[in-house]
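The values are calculated or read from the model by the stated rules, or taken from the named source; none is laboratory data. Only a predicted model underlies this, so the values are computations on that prediction, with no experimental measurement involved. Here the Cβ is made from the backbone with ideal geometry for all residues, glycine too, and neighbour counts use every protein chain on show. Note: areas computed on protein heavy atoms with side chains; ligands, DNA, RNA excluded. Shrake-Rupley method; radii C 1.70, N 1.55, O 1.52, S 1.80 Å.
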Amino acid sequence: YGLYVRRAFAGRRVLDGAAAVLLAVALVHLVFVQVLFQNPLSNHTPVGDLPLLNTLALAYLLPALLGALYAWSAARRGDRLTFGVAGVAALLLALLWLSLEVRRLFQGSYLDGDAVTDAERWAYTATWILYGAALFAAGLRWDAKALRAASLAVLMLA
């Protein structure tokens, strides 16, 4: 992200290339390592006992916030491809983080348990509806069509 923003001040196109390579590596790492292979749903790994301030925040929320910042910067520069990739990644990582936090609330520090109660299912639905509503409100506030479309997708999922 630093290289991506720095290019606006330095005027060097090589920084865009380096930023694009690092963004691609980060996305591959997020998808294959954090989401697929090291996901606490499939590994017997503790995520911590504290709500919201645990390893899930480091693994999913922090990259989601960084992705949102990246998408915001790309939108200001008119870089539609980077905006789309970073924005979608940020929205999906935030949804995954929220869902895993609901799972942690019901399952405790280890998320790989089998039982899913009706209360947990309802909690997922309520969380996704609130997330969709927050995206819609943000889309209205900043007149962002992409956020309103994302809110529709999340509400349909709920």
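Summary of computed values
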{"quantity": "Probe 1.4 Å, all protein chains present, accessible-area order of Tyr131, Tyr60, largest first", "calculated": "Tyr131, Tyr60"}
{"quantity": "Cα gyration tensor shape of the range 1-82, rounded if a/c is under 1.5, else prolate or oblate by comparing a/b with b/c", "calculated": "prolate"}
{"quantity": "15 Å beta-carbon shell around Tyr110, net charge (K/R +1, D/E -1)", "calculated": "-3"}
{"quantity": "Surface accessible to a 1.4 Å probe, Thr82 within the full protein complex, Å²", "calculated": "20"}
{"quantity": "Mean separation of Cα contacts under 8 Å (6+ apart) over length of the range 48-108, as relative contact order %", "calculated": "42"}
{"quantity": "Ratio of the Cα radius of gyration of the chain to 2.2 N^0.38 Å, where N counts its residues", "calculated": "1.14"}
{"quantity": "Gaussian network model of the chain, springs between alpha carbon atoms under 10 Å - residue of Gly78, Gly139, Gly87 with greatest fluctuation", "calculated": "Gly78"}
{"quantity": "Degrees separating the helix 80-107 axis from the principal Cα axis of the chain, which is the longest one", "calculated": "20"}
{"quantity": "Surface accessible to a 1.4 Å probe, Asp118 within the full protein complex, Å²", "calculated": "110"}
{"quantity": "Surrounding net charge for Leu52, when Lys and Arg each add one and Asp and Glu each subtract one, Cβ distance under 10 Å", "calculated": "0"}
{"quantity": "Residue with peak Gaussian network fluctuation, the chain [Cα springs, cutoff 10 Å], from Arg13, Arg121, Arg104", "calculated": "Arg13"}
{"quantity": "The range 30-158: relative contact order as a whole-number percent, Cα under 8 Å and 6+ apart", "calculated": "22"}
{"quantity": "Helix-only mean residue ellipticity at 222 nm for the chain, each DSSP H run of n ≥ 4 adding -39500 (n - 2.57), per residue, nearest 500", "calculated": "-23000 deg cm²/dmol"}
